[in-house]
Amino acid sequence: MHGSYPTPEGPRSYLVSSVSKGFGLMFGAGTLSGLLGIGSGAVKVLALDQAMKLPFKVSTTTSNFMIGVTAAASAGVYLRRGYIDPSLAMPVMLGVVAGSFLGAKLLARAKTQWLRRVFAVVIITMALELIFNALTGRL
Amino acid sequence: MSFNWTDEKTEHVIGNLLRAGVLISAFVVLAGGIYYLAQHGTGHKDYHEFHGQPQYLCTVSGVVASALKHDSHGIIQVGLLLLVLTPIARVFFSAISFGLEKDFTYVVVSLVVLAVLIYGLLGS
């Protein structure tokens, strides 16, 4: 499999490797997010970036898109069970939409090296939070 | 109009579709939210205990019906439904564009995903 993605210097092509390893890691990511309620986006980005060797920006955007589709599947189920409170969802949705438009605009210009650092800080924070919650018995 | 669509053209159309879907849903949620705050903004809502939503907000048809009756909860919920429908529409258009490219493996994959999404929303 191969593809290309736009950069300021024109489109750059890339190759996708170890699809089966990626499949296995994605299975693990899905199981983890179902069990722990953590966004499996972090695990997906790692699988796409490290195992399948996709460019970092392609990894983050692909992971984000996959989450959109899988979240749509569960959102339907939540709605039918009455788990979506409109008064709570309203500010959350508006904030997230505004933030994601800004993020998507910034992504096109951001340096990959800088993005990797931000990503590392975010997953380390997530890991520390999970460890803290597990040790204090909140999980 | 010819169907000689390139990948880039399809991606451009789908990109605009996604942006439009998200912006329209955000606008509907914002309108519903302002209406909601005007009606209930001064009250204090207790979130300590979880209460499920009333039955009429649990189905697509019920949500649309309550929005048409100018219920602020219903309007917000319609906006959220539009947001959920955006990726579903995207999967639908992927299936079509894979079909135009005669890439039938991916047409089947897209249709399976689409079936799961529609089942999740309408369900049994």
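List of remarks:
- Hits in the range A:5-29 (condition: in a strand (DSSP E or B) and not polar (S, T, N, Q)): A:TYR5, A:ARG12, A:TYR14, A:LEU15
- Residues of the range A:4-17 that are open to solvent by less than 50 Å² (accessible area, probe 1.4 Å), out of contact with any Gly (no Cβ under 9 Å at 6 or more places or on another chain) and within 25 Å of A:ARG117 (Cβ to Cβ): A:TYR5, A:THR7, A:SER17.
- The residue pairs whose first member lies in the range B:41-53 and is within 12 Å of A:ASP85 (Cα to Cα), whose second member is part of a loop (DSSP other than H, G, I, E, B), and whose beta carbons are closer than 6 Å, counting only pairs six or more residues apart or on different chains, are B:GLY52/A:GLY82; B:GLN53/A:GLY82.
- Residue match in the range A:40-56 (condition: in contact with an Asp or Glu (Cβ under 9 Å, 6 or more places away or on another chain) and either open to solvent by 40 Å² or more (accessible area, probe 1.4 Å) or within 30 Å of A:ALA75 (Cα to Cα) (or both)): yes
- Flag for B:LEU114 being within 23 Å of A:ASN64 (Cβ to Cβ) and in contact with a Pro (Cβ under 8 Å, 6 or more places away or on another chain): no
- Inclusion of A:ALA42 among residues that are under 15 Å from the mean Cα position of the chain (by Cα) and farther than 20 Å from B:VAL116 by Cβ is warranted.
For every residue, the table says whether it meets (1) within 16 Å of the chain's Cα centre (by Cα); (2) modelled with pLDDT under 85; (3) of a type in the set (Ser, Thr, Tyr).
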{"site": "A:GLY37", "(1), (2), (3)": "yes, yes, no"}
{"site": "A:LEU48", "(1), (2), (3)": "yes, no, no"}
{"site": "A:LEU88", "(1), (2), (3)": "no, no, no"}
{"site": "A:ALA98", "(1), (2), (3)": "no, no, no"}
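- Residue within the range A:84-95 that is under 26 Å from A:GLY34 (Cβ atoms), open to solvent by 70 Å² or more (accessible area, probe 1.4 Å) and not acidic (Asp, Glu) present: yes
- When the range A:83-122 is filtered for residues that are within 13 Å of chain B (Cβ to nearest Cβ) and either among the β-branched types (Val, Ile, Thr) or touching a strand residue (DSSP E or B) at 6+ places or on another chain (Cβ under 9 Å) (or both), the ones remaining, listed by number, are A:ILE84, A:VAL92, A:VAL96, A:VAL97.
- Answer residue from the range B:1-22, given it is surrounded by 14 or more Cβ atoms within 10 Å (Cβ to Cβ) and not small (Gly, Ala, Ser) and is modelled with the lowest pLDDT among those: B:TRP5
The values are calculated or read from the model by the stated rules, or taken from the named source; none is laboratory data. For clarity, every value in this text was computed on a predicted model and none was experimentally measured. FYI the Cβ positions are ideal-geometry reconstructions off the backbone, even for glycines, and counts take in every protein chain you see. Note: accessible area is taken over every heavy atom of the protein model, side chains too, but ligands, DNA and RNA are not part of it. Shrake-Rupley method; radii C 1.70, N 1.55, O 1.52, S 1.80 Å.
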